[in-house]
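Right, one structure below, let's go through it.
The values are calculated or read from the model by the stated rules, or taken from the named source; none is laboratory data. Since the model is a prediction, treat every value here as computed from it, not as a measurement. Please note: Cβ atoms are built from the backbone with ideal geometry, for glycine as well, and neighbour counts cover all protein chains shown.
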Amino acid sequence: MLTTYVAVTLITLFLMCVYNIGILSENLYSEQTTKLYAKANIISQSISGAWDSNDEKVMYLRLEDVTDRLLAGTNIRGVVTDNSYSVLFDNNSEAGMTGKVFMRDVLKRALDGEQSDSKFETDNGSTLTVAVPVEVDGEIIGGVYLAENMSAIADTVSTIRASLIVFSALLLFIIILISIGTSYIITRPIAEFTEVARAISRGDFSRRANVKGTREMAQMGQALNFMCDELNALDEKRKNFVSDVSHELKTPMAGIKLLCDSLVQAENPDMETIREFLGDMSEEIDRLTRIINRLLTLSRLDSGADMNMSRVDISALCAGVVESLSKLAKEKDIELTYEIPETADNYINADYDKIYECVYNIVVNAINYTPDGGNVNTRVKCSDSLCVIEVEDNGPGIPDAEKLKVFDRFYRLDDSRARDTGGTGLGLAITKEAVLLHQGTIEVTDSPSGGSIFTITLPITESGKE
Ligand code: ADP
């Protein structure tokens, strides 16, 4: 970035210097040329005016007078010739040219009737020459030649060039300083963000980016840090989940191992003992199977795929769940009731099996965790846009601090009681995932009877209404 800035600045400054110096020197030379022409023309007209007198002396005095006046105090050399290049006047009297032939290209062109100028280099620097014809009655009777050393202009140009170079160097220095500052401000956070991203890819989610700097950089830093927080939380959850799964699987495995060892070590066990041990083993295997099946269900829900959507009559679905659990409720002497509006349109667009499992999980929990003789009520209320399913029991209820946690994987309020009911701690986690996949919500609140109310809210989409 710095190299680009400096290169662009250098090129700009170089072009600016070359262009400006070129324009300046051209202007100075053209101005000087115009001035020389003006002087040469005045001399030429003076000669023309004096020519009529036919008096060489008058003409010469006139020439001397005009030339002295015009060229006094300058370093201009003035030569006047007749039309055969013979010098009539030369202000450089030391050269002793008067009466001699004075041949120059510009003078030749002047005697041909055309004023002209030229520039040439000498040891003393460049010299500018102009020549104009002297005309009397339309006839060219001679020419005026002026030559001026241009070293003053060259000096001016080189002084300005030197100043421009110093100015450019100073400007370049300032631009380099600003570029270093700017690139530091921009690249430092980028380097830091890159470092954080590398740390994330190495699995280190503890690194955070500095959120200072320009507004955009601070926003980027905040977004990156937010992503780190989320990844960290996700990683924590993943680690906890793996250790929970191992723990959950270890318990029934240890039970099976113990039963096997006991059976192996028993001397001549009778058939009844063997059957009892095998029965216990079978229960543990059932428990293992239940956990594995629920884990598979969770993993399918996590992947989000496999949604088999159709138009589902939610009141019929809830009635089906209540019906299928009536035997279990009867065994526990629990009054299982349901309030389902029969006439209302209770259709939603949903995956039937998944929603069935959700409702089943919360009704079966309500029956399992409500003491014998209690009651469980299932209600369905649908509006234009929402379908609400409520399952209320008069069981022990769930303390406020646990209300969110019960939806976590493997979370049980009372571990031993939950295990006794055959609980895996995954039922509500599965329910929550399935409800979320339907863009719905699930929550638990306190029932006035002291138990809990689990509420599932599902949106009614346009396709559900059709
Ligand atoms: P489990 O398979 O153990 O029932 P869940 O995920 O279905 O697992 O439930 C998590 C925990 O929430 C249960 O272990 C239980 O302690 C508590 N719970 C669930 N439903 C109720 C309820 N209706 N009343 C009281 N506690 C409940």
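A few remarks follow.
- When residues of region 17-53 are limited to those that are among the charged types (D, E, K, R) and part of a helix (DSSP H, G or I), the one farthest from LEU171 (Cα to Cα): LYS39
- Any hit, region 284-292, residues being within 16 Å of the ligand (Cβ to nearest atom) and either assigned by TED's automatic domain parsing to the domain that holds GLU357 or under 42 Å from the mean Cα position of the chain (by Cα) (or both): no
- All of ARG215, ARG208, ARG238, ARG300 fail the test of being of a type outside the set (Phe, Trp, Tyr), touching a Cys at 6+ places or on another chain (Cβ under 7 Å) and modelled with pLDDT under 90, apart from ARG208.
- Some residue of region 340-357 being out of contact with any Cys (no Cβ under 9 Å at 6 or more places or on another chain) and within 24 Å of PRO448 (Cα to Cα): no
- Among the residues making up region 215-258, a single one is touching a residue at least 24 places away in the same chain (Cβ under 8 Å) and of a type in the set (Phe, Trp, Tyr): PHE241.
- Residue list for region 60-95, filter: exposed (fewer than 12 other Cβ atoms within 10 Å of the Cβ) and on the phi > 0 side of the Ramachandran plot: GLY73
- First in region 321-341 and within 17 Å of TYR356 (Cβ to Cβ), second anywhere and of a type outside the set (S, T, N, Q) and part of a loop (DSSP other than H, G, I, E, B), Cβ under 8 Å, 6 or more apart: LEU336/LEU325
- From the options SER151, SER179, SER168, residue that is in the same structural domain as ILE21 (by TED's automatic domain parsing) and surrounded by 12 or more Cβ atoms within 10 Å (Cβ to Cβ): SER151
- In summary, GLU392 fulfils each of the numbered conditions (1) away from the ligand (no atom under 12 Å from the Cβ); (2) more than 25 Å from LEU298 (Cβ to Cβ) with the single exception of condition (1).
- Hey, GLU135 without any contact (Cβ under 8 Å) to a residue 60 or more places away in the chain and surrounded by 13 or more Cβ atoms within 10 Å (Cβ to Cβ) or not: no
Yes/no matrix, rows are residues, columns are (1) closer than 21 Å to ILE430 by Cα; (2) part of a strand (DSSP E or B); (3) within 12 Å of the ligand (Cβ to nearest atom):
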residue: LEU296; (1), (2), (3): yes, no, no
residue: ARG300; (1), (2), (3): yes, no, no
residue: ALA316; (1), (2), (3): no, no, no
residue: TYR356; (1), (2), (3): yes, no, no
residue: VAL364; (1), (2), (3): yes, no, yes
residue: ASN368; (1), (2), (3): yes, no, yes
residue: ASP372; (1), (2), (3): no, no, no
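- Subset of region 96-119 that is modelled with pLDDT under 90 and loosely packed, with under 11 Cβ neighbours inside 10 Å - its residue that is nearest to the chain's Cα centre (by Cα): GLY96
- Answer residue from region 195-221, given it is surrounded by 12 or more Cβ atoms within 10 Å (Cβ to Cβ) and β-branched (Val, Ile, Thr) and is nearest to LEU234 (Cα to Cα) among those: ILE200
- Elements of type strands (runs of 3 or more DSSP E) in region 76-162, at least 2 residues being closer than 17 Å to LEU28 by Cβ: 116-122, 125-136, 139-149
- Residue match in region 169-190 (condition: assigned to a helix (DSSP H, G or I) and either among the charged types (D, E, K, R) or touching a Pro at 6+ places or on another chain (Cβ under 8 Å) (or both)): yes
- Pair list, Cβ under 6 Å, 6 or more apart: region 350-369 residue in the same structural domain as VAL388 (by TED's automatic domain parsing), other residue within 8 Å of the ligand (Cβ to nearest atom) and assigned to a helix (DSSP H, G or I): CYS358/THR431; ASN361/GLY427; ASN361/THR431
- Residue identified as at pLDDT 90 or above, away from the ligand (no atom under 11 Å from the Cβ) and either among the basic types (Lys, Arg) or more than 15 Å from LEU336 (Cβ to Cβ) (or both) among THR461, THR445: THR445
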